[in-house]
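The values are calculated or read from the model by the stated rules, or taken from the named source; none is laboratory data. Computed from a predicted model, the values in this text were never measured in an experiment. Glycine also receives a Cβ, built like all others from the backbone with ideal geometry; neighbour counts cover every protein chain displayed. These accessible areas exclude ligands, DNA and RNA; they are computed on the full protein's heavy atoms, side chains included. Shrake-Rupley method; radii C 1.70, N 1.55, O 1.52, S 1.80 Å.
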Amino acid sequence: MHRSVIVLATHGEDALHSRPPATQPLLGQPVVGYVLDAVETLKTDCSLLVTCAAGPAVTDYLANRAGTPITLVDLAGAPTSNSGLVSAVRALPQPEGTVVVLGGDIPLLRPSVLEALVTAHESTGAAATMLTLPHGAPDPAEGCAVLAVDTRFLTAAVNKLATEGRSATTGPEDVLRFLQDEHLKVAMLPVADALDLVRCVEPIALAQAGLVLRQRINDAWLRSGVRIVEPQGVWIDATVHLEAGALLEPGVILRGCTSVAAHTVIGPDTTLIDTKVRSGAHVLRTHAVESIIGEGASVGPFAHLRPGTKLGEDTRIGTFVEVKETTVGNGTQVAHLAYVGNATIGTAVNIGAGTTFTLYDGVRKHSTKVGDAAFIGCQTSLVAPVEIGAGAFTAAGSVITQDVPPGALAVERGEQRNVAGWVARRRAGTPWAAAAAAARGTTIDDTDT
């Protein structure tokens, strides 16, 4: 038997003051994405997503979504006399079979509930079967109409309502009324959990749905072998991939296309966005975006990896270090208090505290290259474009503006000059003068010459 699905993402466009609820972001994908995930289990011949204006959030999601192709029915170019349901019905490729009609703003609907709906409908011979809230739950009007209906009856209902001039407002409830008026059988299937039919048409409902989905996602990862110390303190997008054996500490947020390999420790208090973490890495109190963290790497605490960062194996990015658009070779250390940008750094390099890669001249950004086993002294400023050769050293406090040959020591700083007696002359009667006098074993009245 042919099966089709119509997902209506057209309602409540002003409820969240920005766009239709079905297109709102929720744990890594639009709300309607969870509805489409549930639909995926039905193995349909055709799935239609109807929107008033899809927008980039939905179109990007559909373009990157795996699984059964989804046909987008965008009402932006449809006749104004047609509702979303009418346009979808007229786009169905098959004139018979079962059609599941549901809203795109019910992200908590479970696949098992949809499967039960279709099975019940196709086994009873009813013209339509509708999900209802469980006994004692709030009025069904508060939920969303989800129904399985015979394609022939759905088409007949749409055509009849069109002749009455009601195409522009036709919805699932109108179809049900048509079937009842025609004395056709409409079956009811109660859901066990009212959450399955909750619509996210208000900010509070969207937030509550996020809490439920967070728990479902975390529970699924726990069952797969991921260790989550405090599930209530961890947020994982639906689009994230984790391997069994990864450990997530409290305060971890994993977003977008982040992937975390086995034998890693993430957190506490770490946010990773579109970031890949390879086996054995430890990422502590770090914010990373569009970065790659190599096998066995150590990052943090209080590190910031900006887009384009690629850390090799066994690298160390320490406290208060910021890295952007930089490739860091295996075994290299940037231990603390440094800014590294637009650079290529070799293997086994040591970058001292306070080092800055000075890359912007006010007009353009330039690149820096540091060779294998180079040693960058503390408080060094590397003014790009510049290249530090393999095995070269820079002296602490130097401002390097020229290339340094392999194995050379670069020193760029003024010669130190000590002005004797300056404190006694210029800060007489102060604690500093007293301390200096005590160190010399003289009285505070002594004067240096």
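Can you find a residue in the range 98-116 that is more than 24 Å from the chain's Cα centre (by Cα) and modelled with pLDDT under 85?
The answer is no, given that none of the residues of the range 98-116 is more than 24 Å from the chain's Cα centre (by Cα) and modelled with pLDDT under 85.
Please work out if Arg285 is of a type in the set (Lys, Arg), on the phi < 0 side of the Ramachandran plot and at pLDDT 95 or above.
No; evaluated as a whole, the condition is false for this residue.
Starting from residues that are modelled with pLDDT under 80 and not hydrophobic (A, V, I, L, M, F, W, C), keep the ones in the range 69-94 and report whichever is surrounded by the most Cβ atoms within 10 Å (Cβ to Cβ). Steps first, answer last, please.
Taking the range 69-94 first, the residues modelled with pLDDT under 80 are 74-83, 94.
After this cut, where a residue has to be not hydrophobic (A, V, I, L, M, F, W, C) as well, the list is 74, 77, 79-83, 94.
Working: Asp74: 16, Gly77: 7, Pro79: 10, Thr80: 7, Ser81: 11, Asn82: 18, Ser83: 23, Gln94: 14.
So, considering only residues that are modelled with pLDDT under 80 and not hydrophobic (A, V, I, L, M, F, W, C), the one surrounded by the most Cβ atoms within 10 Å (Cβ to Cβ) is Ser83.
Scan the range 290-311 and report the pairs whose first residue is under 17 Å from Gly331 (Cα atoms) and whose second residue is at pLDDT 95 or above and acidic (Asp, Glu), with Cβ atoms within less than 6 Å and a gap of 6+ or a chain change.
Qualifying pairs under 6 Å: Gly294/Glu313; Glu295/Glu313; Gly296/Glu313; Gly296/Asp314.
Within the range 311-323, how many residues turn out to be over 15 Å from Lys276 (Cβ atoms) and open to solvent by 10 Å² or more (accessible area, probe 1.4 Å)?
5
Would you point out which residue out of Leu133, Leu114, Leu176, Leu195 is touching a Ser or Thr at 6+ places or on another chain (Cβ under 8 Å) and within 26 Å of Asp37 (Cα to Cα)?
Only one candidate qualifies: Leu114.
Need a quick list: strands (runs of 3 or more DSSP E) entirely within the range 333-379 having at least 1 residues that are over 16 Å from Gly397 (Cα atoms).
Numbers: elements: 333-345, 356-358, 368-370.
Here the list reads 333-345, 368-370.
Counting only residues that are assigned to a loop (DSSP other than H, G, I, E, B) and of a type in the set (A, V, I, L, M), which one in the range 380-392 is most open to solvent (accessible area, probe 1.4 Å)?
Once the filter is applied, the top-ranked residue is Ala390.
Applying the selection to the range 175-193, what residues are free of Cβ contacts under 8 Å to residues at least 24 places away in the same chain and either basic (Lys, Arg) or under 22 Å from Val234 (Cα atoms) (or both)?
Selection gives Arg177 alone.
For residues in the range 176-193 being of a type in the set (A, V, I, L, M, F, W, C) and over 39 Å from the mean Cα position of the chain (by Cα), which is least open to solvent (accessible area, probe 1.4 Å)?
The extreme case among them is Leu179.
Just name the residue that is least open to solvent (accessible area, probe 1.4 Å) out of those in the range 207-217 that are free of Cβ contacts under 8 Å to residues at least 24 places away in the same chain and not aliphatic (A, V, I, L, M).
Arg216
Could you list, in sequence order, the residues of the range 218-252 that are touching a residue at least 40 places away in the same chain (Cβ under 8 Å), open to solvent by 20 Å² or more (accessible area, probe 1.4 Å) and in a strand (DSSP E or B)?
Filtering the range 218-252 for residues touching a residue at least 40 places away in the same chain (Cβ under 8 Å) gives 235-240.
Keeping just the survivors that are open to solvent by 20 Å² or more (accessible area, probe 1.4 Å) gives 235, 238-239.
Answer for the range 218-252, where residues must be touching a residue at least 40 places away in the same chain (Cβ under 8 Å), open to solvent by 20 Å² or more (accessible area, probe 1.4 Å) and in a strand (DSSP E or B): just Trp235.
Could you tell me which of the residues Ala436, Ala374 is surrounded by 17 or more Cβ atoms within 10 Å (Cβ to Cβ) and either over 27 Å from Asp314 (Cα atoms) or modelled with pLDDT under 95 (or both)? I'd like the intermediate steps shown before the answer.
Values: Ala374 fails: either over 27 Å from Asp314 (Cα atoms) or modelled with pLDDT under 95 (or both).
Checking each option against the conditions leaves just Ala436.
Would you point out the residue of the range 270-310, among those that are in a loop (DSSP other than H, G, I, E, B) and basic (Lys, Arg), that is least open to solvent (accessible area, probe 1.4 Å)? Let's see the steps before the verdict.
Pass one, the range 270-310, residues in a loop (DSSP other than H, G, I, E, B): 274-275, 278-281, 284-285, 290-291, 294-297, 300-302, 306-309.
Next, from what is left, pick out any that are basic (Lys, Arg): 278, 285, 306.
On the way: Arg278: 117, Arg285: 91, Arg306: 73 Å².
Ranking the candidates gives Arg306 first.
Taking only pairs six or more apart or across chains, which ones have beta-carbon atoms under 8 Å, a first residue in the range 194-206 that is in contact (Cβ under 8 Å) with a residue 40 or more places away in the chain and crowded, with 18+ Cβ neighbours inside 10 Å, and a second residue that is outside any helix (DSSP H, G or I) and among the charged types (D, E, K, R)?
What qualifies is Asp196/Arg110; Arg199/Asp105; Cys200/Asp105; Val201/Asp105.
Could you tell me whether the range 415-431 includes any residue that is in a loop (DSSP other than H, G, I, E, B), open to solvent by 60 Å² or more (accessible area, probe 1.4 Å) and within 22 Å of Val323 (Cα to Cα)?
Scanning the range 415-431, I find no residue that is in a loop (DSSP other than H, G, I, E, B), open to solvent by 60 Å² or more (accessible area, probe 1.4 Å) and within 22 Å of Val323 (Cα to Cα), so the answer is no.
So which residues in the range 117-174 are under 22 Å from Glu202 (Cα atoms), in a loop (DSSP other than H, G, I, E, B) and at pLDDT below 90, if there are any at all?
Passing the criteria: Leu133, Ala137, Pro138, Asp139, Gly143, Cys144, Ala145, Gly171.
Here is a check on your reading of the model: is Thr401 more than 17 Å from Thr326 (Cβ to Cβ), of a type outside the set (D, E, K, R), surrounded by 12 or more Cβ atoms within 10 Å (Cβ to Cβ) and free of Cβ contacts under 8 Å to residues at least 12 places away in the same chain?
no
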